[in-house]
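Worksheet for the structure shown next.
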Amino acid sequence: MQTTISYAKTERDLSGVAEITRRYLEWDIGEFEKVSGISLDLKDYLSNTLDSLDDYMPPNGRLVMARDEVGSLVGLVLLKKLGKGAGEIKRLYVVPEARGQGVGHKLIGTLLQEARQIGYDRLFLDTATYMPSAHRLYRSFGFRDTDAYPGSENDEIVQKFLIFMKLEF
């Protein structure tokens with residue numbers, strides 16, 4: 001599968017973002033409930049992400065997308081400003097039919113280039129304990145485990161099921 005990596009510059013570029021975000025959150029919330037026994041509200045998480053898409057747009061953020069040869073959105077990762085020189089990566093997702101083809105690697109590689117161009121010197125993220133392939137991907141780019149960071153949106157109950165990571169440029 002040929003993929004094209006780009007980032008959204010205007011709202012017109014957001015075609016398919018709501019659907020792929022819903023797919024990701026349905027999967028993530030389902031997996032979270034399996035390991036934690038805690039049921040999270042999909043609607044709240046979805047509206048939280050979609051209502052804050054401006055945070056992921058230039059000049060301080062990026063919404064990096066992978067599209068297949070017919071233009072369908074097959075992957076996504078978000079970057080937003082946390083503070084001076086710091087950004088946060090959110091919602092890396094590649095649809096199951098596009099996995100194993102390097103799409104996640106391309107998305108993160110592009111996001112890191114964009115983060116440097118914005119002027120970030122450090123990036124943070126959280127990832128669930130049940131996402132070992134994501135852990136390997138992030139570590140392959142130099143991310144290291146860290147403590148929960150200022151600006152993380154997760155409460156203490158959810159944090160028990162997360163791994164926090166940091167990359168310094």
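Throughout, read-outs are computed from the coordinates displayed, never taken from laboratory work. None of the values given here were measured: they were computed from a predicted structure. For neighbour counting, all protein chains shown are included, and Cβ atoms are generated from backbone atoms with ideal geometry for every residue, glycine included.
A few points about this structure:
- Simple Cβ-charge dipole of the chain, Lys/Arg +1 and Asp/Glu -1, about Cα centre, in debye nearest 20: 600
- Projecting the Cα atoms of TRP27, LEU42, SER133 onto the charge dipole of the chain, computed from C-beta unit charges around the Cα centre, puts SER133 farthest toward the positive end.
- Here LEU42, LEU82, LEU76 are placed in order of increasing Cβ neighbour count within 10 Å, fewest first, which gives LEU42, LEU82, LEU76.
- Rounded to the nearest 500, the helix-only mean residue ellipticity at 222 nm of the chain stands at -10500 deg cm²/dmol, with each DSSP H run of n ≥ 4 adding -39,500 (n - 2.57).
- What the Cβ-Cβ distance of GLU69 and TYR130 gives, at R0 = 30 Å and to the nearest 0.05, is a FRET efficiency of 0.45.
- The gain in end-to-end length when the LEU40 to SER6 segment is fully stretched comes to 9.1 nm, 0.36 nm per residue minus the alpha carbon separation.
- Helices that extend 20 Å or more along their long axis by alpha-carbon positions and average at least -1.0 on the Kyte-Doolittle scale are, among the DSSP H runs of the chain, 17-36, 103-118.
- Centroid-to-centroid separation of region 26-44 and region 3-20 [C-alpha atoms, Å]: 25
- Tensor-based shape of the chain (alpha-carbon gyration tensor, a/c under 1.5 rounded, otherwise prolate or oblate): rounded
- For region 93-167 and region 67-83, distance of Cα centres in Å: 14
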